[in-house]
Each structure stands twice: as structure tokens, then as C-alpha cells.
Amino acid sequence: MPHSLTYSAHDWRMAAATSLPRRNPSARWSATTSSSRILASAAICLTIAAIAMAGAPACMHWFMVPVFLCGVLCGSDGLLLVSQKFRNSFQPVPLLGAFGVYYFFIAPIMHVATVFWFTSDPTWS
């Protein structure tokens with residue numbers, strides 16, 4: 001019998017191991033890309049938080065710590081909207097990241113800084 005028709009278990013394992021496609025290391029997300037986005041997000045959120053604390057004394061409160069952390073976490077995904085790799089504006093992760101920055105970072109700061117809380121009008125009920 002020809003050798004090509006009689007495979008042993010070792011031959012099958014070798015054939016399977018050598019025929020797998022190799023990953024391109026530059027196509028994967030690297031730690032430096034992720035850490036640079038986190039640092040950029042932290043710098044942007046720190047600037048916004050510093051401006052808010054300088055402009056509104058009510059923002060000098062402990063709530064700024066968790067709000068800042070939420071802004072950094074969401075902002076690292078939101079920064080993908082302006083990166084070169086994500087030209088499609090309708091990717092879900094960057095859109096949710098940008099919405100998260102507004103909802104979990106900007107909105108609480110605006111509520112405390114402007115002292116405006118939406119409450120229902122007694123005539124509505």
C-alpha cells in the first residue's frame with residue numbers, strides 16, 4: 001500500500017499540527033495598545049475632573065473617585081472611535097464605551113456641579 005493511505009496515529013497528529021494556520025502576532029491586541037488607551041483615558045478623565053472640581057466646589061467629594069474610575073474604564077473602549085483601526089462607526093464596543101463615559105462619568109459630574117436633579121412635578125401624578 002502507498003504510504004499516503006496508511007497513516008498511523010503519530011502521522012495524523014503531525015499532519016494536524018503542521019496544517020493549522022499560524023496567527024499573525026501583529027493582528028492581536030497587545031498589552032501596550034490596551035495600556036496606552038487606558039493611560040490616555042485616564043489623562044482625559046483627570047483633566048475633566050480637575051476642571052469640574054475647580055469650577056464647582058460641590059465636586060470636591062469622595063464620589064469623584066468611583067466616577068473617575070468608571071470614566072477611565074469606559075473611556076478606554078470609547079477611544080476606539082477615534083483610532084485608526086476602527087473606521088466603522090457602528091462597532092458596538094466603542095459606541096457603548098462612549099455612551100458609558102457620558103452616562104457614568106459626565107452626567108454625575110453635571111448633576112452635582114449644576115445642582116439640578118429631575119424630580120417629578122406633584123401635578124403630574
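The values are calculated or read from the model by the stated rules, or taken from the named source; none is laboratory data. What you see is a predicted model, and the numbers here were worked out from it, not measured in a lab. Heads up, the Cβs are rebuilt from the backbone with ideal geometry, glycines too, and the neighbour counts pull from every protein chain shown.
Taken together, the residues in region 54-70 that are in a helix (DSSP H, G or I), under 24 Å from the mean Cα position of the chain (by Cα) and not β-branched (Val, Ile, Thr) amount to 5. Checking each residue in region 50-72 for being touching a residue at least 24 places away in the same chain (Cβ under 8 Å), within 23 Å of residue 36 (Cβ to Cβ) and either of a type in the set (A, V, I, L, M, F, W, C) or loosely packed, with under 12 Cβ neighbours inside 10 Å (or both) picks out 67, 68, 70, 72.
When residues of region 102-125 are filtered for being among the hydroxyl-bearing types (Ser, Thr, Tyr) and in a helix (DSSP H, G or I), how many remain? Selection size over region 102-125: 4. Checking 51, 106, 44 one by one, the residue that is modelled with pLDDT of 95 or more, under 14 Å from the mean Cα position of the chain (by Cα) and among the aliphatic types (A, V, I, L, M) is 44 and no other.
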